[in-house]
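Below is one structure, written out as structure tokens, with a few remarks after it.
Derivation of every value follows stated rules applied to the coordinates shown; laboratory data play no part. Predicted model, so just to flag it, every value in this text is computed and none were measured. No Cβ is skipped: glycine too gets one built from the backbone with ideal geometry, and neighbour counts run over all protein chains shown.
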Amino acid sequence: MPTVPAQPDPHAMPTVPAQPTEKAETPYYVPPTPQTPSITPQPKVTVTQGPGTKKETSPAPPQRPEKVYYVPSAQPQQQTPAAEQPTIIPNAPWGTLVLPGGEEVQLKGERAIVGRYDNDVSGIQPDVDLSKQDGADTVSRIHAAIEHSGGTYTVTDLNSTNSTRVNGKRLDADVDTPVNDGDSVQFGKIVCTFKKA
């Protein structure tokens, strides 16, 4: 039997030859830009120690600034109008600190620094020197400050090693704490009494 070629179906959808698809372009790789280091490398120093011997050393690290515990009152302060400023007579006593043996030390000026004088450290001379008292080894060279402004009296621990106490309560460092006439003020192991003038 002879083969008859297949006739296209008139109801079938015409086929469209497939078009070649375009490939999506791969993004071009961009390497990251190098950052300059935040710390500049230090040069090495070559030291010659005798004939033919060399030794490489690195420069010394920078020294830390000294921590300042006390700022003298001689520095300029914010000015207030004359009507609001209390009158302060520089050498007029405004209070007394009674030491354990009964000795009284007058407090003058704007503030009085309490501490222990040390021959080995020059330039530190507290207004109230407790170096001759029993237990002086528990008192820091610059231990605390007693200040007055108008009718207010305060004691501030200046980050001492063995703390400052008012009526037995330990003070936080660098916080002004009110003190009243007759209060007990303890510097390390030395207990004193504060009296207003």
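The gain in end-to-end length when the Lys195 to Asp172 segment is fully stretched comes to 6.1 nm, 0.36 nm per residue minus the alpha carbon separation.
Report note on the peptides 152-160, 108-116: ranked by the mean count of other C-beta atoms within 10 Å, highest first, their order is 108-116, 152-160. Starting from the Cα gyration tensor of segment 94-164, take the square roots of the eigenvalues, sort them a ≥ b ≥ c, and report rounded, prolate or oblate (rounded when a/c is under 1.5, otherwise prolate if a/b is larger than b/c, else oblate). Verdict is prolate for segment 94-164.
Entry note, segment 93-196: relative contact order of 25 percent, from Cα contacts under 8 Å with a spacing of 6+ residues.
A Förster radius of 30 Å combined with the Cβ-Cβ distance from Asn180 to Asp134 puts the calculated FRET efficiency at roughly 0.70. DSSP beta bridges confined to segment 93-196 are antiparallel in about 90 percent of cases.
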